[in-house]
Amino acid sequence: MESQVSQPASAASKILGGSKAKSRAFKDKAAQVGVTIGGTLVFVALLLIFFYLLYVIKPIFDGADIRPLSKISLIDTQTPSLMIGTDEQNEIAFRVLMDGQVEFYSVASGQLLSSQIPLLSEGETVTSSAKSSPNEQRFALGLSSGKVLVVDVDFAVTYPDNQRLITPRLRYPNGETPLNLSTNSAVYNLAFDYSDSRMSFAYQDKDGQWRFNRQEGEENMMTEEVEWSSTESIIADAPANKTHALVTPDHSQLILPGTDKIFVYNTRDADAIDLLQVIDVRNGQDTVSQVSLLAGASSILVSYHSGLVAQYFQVNSDSGRLYQRIRQFDELAPMSAIATEFYRKSFAVVSKEGELSLLYTTSERKLFEQKMALQSPSNMAFSPRSNALIIETNQVLSLFAVDNSHPEVSWSAMWEKVWYEGYPEPKYVWQSTSGSDDFEAKLSLMPLAFGTMKAAFYAMLFAVPLAVAGAIYTAYFMSPKVRSIVKPTIEIMEALPTVILGFLAGLWLAPLIEDHLPGIFMLLVLLPSAILASAFSWSLLPGRWKQRLPEVYQELMLIPVIIFVGWFCFAISPTVELALFGGDTRQFITNELGITFDQRNALVVGIAMGFAVIPTIFSIAEDAIFSVPRHLSNGSLALGATNWQTLTRVVLLTASPGIFSAIMMGLGRAVGETMIVLMATGNTAILEWSVFEGMRTLAANIAVEMPESAIGSSHYRVLFLAAFVLFIFTFFFNTIAEVVRQRLRERYSSL
């Protein structure tokens, strides 16, 4: 009977055991699949981030694209042209002839829309003509009567019946009446520039003498009309040979080019024009073919018959600001025409055979080069938005669409020194925006990468000794009761928002350090010394005295020492400052030592960001040390080793993979930190290791400038490139950490 009862019970237990095994196997398999899927998704997410960043970044390294749009047959093929161009929409092209006649053509149909001639008095003829800066689309006519007429090519935009209508016309910014110059001679080889309250004209009279005329305008308060006063000077030492003169848009310089020299005159004061510099532009046997101004008129482009193009701009020297050859482009075909963009530092050249090249000066990039169907081009110009290029040949105006979104960005411009206009030497510069239209963005990532490493270095310099030493003592020497309080307290520090730490560092810590700088440095020296002296004194005390303080609380005896030393250093700081530094440490550092002192500097960042990094390093390192098997330390002690020998030769070696991982994790957090460096530094993109100067990091730069950048702009994409560089930094440090950790684990796993 018992065997009959036991058999069903045994069968039931087998069935239950089998079902539990199946359930356990299913759970194990589900966990394995879930972990695999989760890990795969993490890896996929990283790949998606990586490739998305590359997708946004890639366009800045693409070259330009130029393709033909239309061709327009010219009506007058005998009279040479002074200038050509288009309206902003690239719907109407115009051609200004040397005699002042302006022809307007429809780009779509190629038909002549209108031909307009400036009104001249009876008997007046055009003896010379000149064009202004490309962005102004303005020209002037020198007349036989000694007068000058300034004319704008303008396009009026209206919307009748909600349809855009562009009407080409001529405008006279100074009125239809020509301006009288201070001579009755005809005006030859005219050069000019115009602004609302000032006009400057340089020309030769019938005797070949160069003259300079300045027209100053002042608004009449009663009539609200501008009244012009004239000042004229003779440029006595100017070259008499026929030349194409240039007047800079700020009316400060007159440029008279020759075949091997360029004469630059200071024209700020029209009554006292003086020779500023004679630029030697000789290039062996090569001769100058054309001289033009780059956008902003700070640089002179000198083109040679061989195809070489050289850039000159003013650099500080012992004799003042003088023009100097900065860079050159020599892999070009002999050119027939050159054109500069309205607002950027790009320029295009075309050879007699129709080889078209597009280049950017600062980045030194050749963006485009291709042979086009052009026969003997004679003139070339960019459209106002730089999205089209118009080229004149013998009988045709050819319009080309230009896609050139990011010419200022190149690998060398971001990671090498660049010589920018107005700078005394090549430098690493990050300056993405300015209030000036002719501003050139400076997008070097080197100062940002340097600032990132500088901030991380000072933070780790502060955090690693404290965190690792604290982890060693807490895990190996501290009593379990005190450890149960200290470890969670330090770990909960990691929950503090970094924006709060940055706020306190910028508004409280930075002024505190500035006001008590001697005390801070005394604290760095006296506090470790006081702790060591206290420990040494404790070791010399008799045993019966030591027993009066329970072993559990021996660590807490240092708290009064730390508080007293801190108070003493800050209390004596004003006295030390007065005795050694004349009462002002900051002024002493700046004036006597020649070191720049910023209130929000690397010292502030190191302390604040080190405070944020300490919990990360401490927690991981302490767990690694505490997890060392007890039989290893007990065996070492049993063999006669001291606690210190056991710690240094057994425990730390065994825990070294975890300690190294903790340090690298802390470094990764320091590299990617944003809010602390954003609020506790001056955000100045400089390359200085000085602890008294600030920095700008990649993360802080992205946080500051991304909301203000235009989507799709060079600035926007370079910020994504900065994010990509930051991604690579953290990936590199984490990879190194993992590799070293594995090697350390393999090396000391036999202990």
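The values are calculated or read from the model by the stated rules, or taken from the named source; none is laboratory data. Quantities reported herein were computed from a predicted structural model and do not represent experimental measurements. Ideal geometry is used to build each Cβ from the backbone, glycine not excepted, and the neighbour counts take in all protein chains shown.
For the range 213-243, how many residues meet the condition of being farther than 10 Å from SER200 by Cα and out of contact with any Leu (no Cβ under 9 Å at 6 or more places or on another chain)?
18
One line per residue, one yes/no per condition, for (1) within 21 Å of LEU374 (Cα to Cα); (2) in contact with a Pro (Cβ under 9 Å, 6 or more places away or on another chain):
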| position | (1), (2) |
| --- | --- |
| SER319 | no, no |
| TYR323 | no, no |
| PRO334 | yes, no |
| ALA337 | yes, yes |
| THR340 | yes, yes |
| ALA348 | yes, no |
| LYS352 | yes, yes |
| GLU355 | yes, no |
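Within the range 195-233, can you find the residues that are among the hydroxyl-bearing types (Ser, Thr, Tyr) and crowded, with 22+ Cβ neighbours inside 10 Å?
SER200, TYR203 - these are the residues of the range 195-233 that are among the hydroxyl-bearing types (Ser, Thr, Tyr) and crowded, with 22+ Cβ neighbours inside 10 Å.
Let me confirm something: among SER386, SER434, SER376, which residue is of a type in the set (Gly, Ala, Ser), in the same structural domain as ARG327 (by TED's automatic domain parsing), closer than 30 Å to ALA722 by Cβ and not in a helix (DSSP H, G or I)?
Answer to the check: SER386.
Which condition number does ARG327 fail, the rest of (1) within 26 Å of the chain's Cα centre (by Cα); (2) within 21 Å of PRO134 (Cα to Cα) being met?
Checking ARG327 against (1) within 26 Å of the chain's Cα centre (by Cα); (2) within 21 Å of PRO134 (Cα to Cα), the one that fails is (2).
So, ALA467, is that one modelled with pLDDT of 90 or more and in contact with a Leu (Cβ under 8 Å, 6 or more places away or on another chain) or not?
Here the answer is no, as ALA467 does not meet what is asked.
Report, by residue number, each residue of the range 501-523 that is closer than 18 Å to PHE588 by Cβ and either among the aliphatic types (A, V, I, L, M) or outside any helix (DSSP H, G or I) (or both).
Passing the criteria: ILE513, HIS516, LEU517, ILE520, MET522.
May I ask you to verify whether LEU527 is surrounded by fewer than 13 Cβ atoms within 10 Å (Cβ to Cβ) and either in contact with a Phe, Trp or Tyr (Cβ under 7 Å, 6 or more places away or on another chain) or farther than 21 Å from ALA621 by Cβ (or both)?
No, not satisfied.
Looking only at the range 577-607, count every residue that is surrounded by 17 or more Cβ atoms within 10 Å (Cβ to Cβ), modelled with pLDDT under 90 and among the β-branched types (Val, Ile, Thr) and tell me the total.
Of the residues in the range 577-607, 2 are surrounded by 17 or more Cβ atoms within 10 Å (Cβ to Cβ), modelled with pLDDT under 90 and among the β-branched types (Val, Ile, Thr).
In the range 299-340, what residues are of a type in the set (Ser, Thr, Tyr), surrounded by fewer than 19 Cβ atoms within 10 Å (Cβ to Cβ) and either in contact (Cβ under 8 Å) with a residue 12 or more places away in the chain or touching a Leu at 6+ places or on another chain (Cβ under 8 Å) (or both)?
SER306
For the range 56-162, which strands (runs of 3 or more DSSP E) that fit wholly inside it have 1 or more residues that are within 30 Å of VAL409 (Cα to Cα)?
Passing ranges, in order: 65-73, 81-86.
Would you be able to tell me the number of residues in the range 267-277 that are outside any loop (DSSP other than H, G, I, E, B) and surrounded by 13 or more Cβ atoms within 10 Å (Cβ to Cβ)?
Residues that pass the stated criteria total 3.
State whether one or more residues within the range 545-552 are over 29 Å from LYS487 (Cα atoms) and of a type in the set (Lys, Arg).
no
For the condition free of Cβ contacts under 8 Å to residues at least 40 places away in the same chain and in contact with a Phe, Trp or Tyr (Cβ under 6 Å, 6 or more places away or on another chain), what is the one hit in ALA272, ALA238?
On inspection, the qualifying residue turns out to be ALA238.
Note down all Cβ pairs under 8 Å where the first residue falls in the range 412-424 and is more than 12 Å from LEU443 (Cβ to Cβ), the second is basic (Lys, Arg), and they're at least six residues apart or on different chains.
Correct list of pairs: LYS417/LYS427; TRP419/ARG327; TRP419/LYS427.
Of the residues that make up the range 555-575, is at least one in the same structural domain as HIS516 (by TED's automatic domain parsing), at pLDDT 85 or above and not in a helix (DSSP H, G or I)?
no
Looking for whichever is outside any helix (DSSP H, G or I) and either farther than 19 Å from PHE618 by Cα or of a type in the set (A, V, I, L, M) (or both) here; the options are ILE702, ILE711, ILE663. Which one fits?
ILE711
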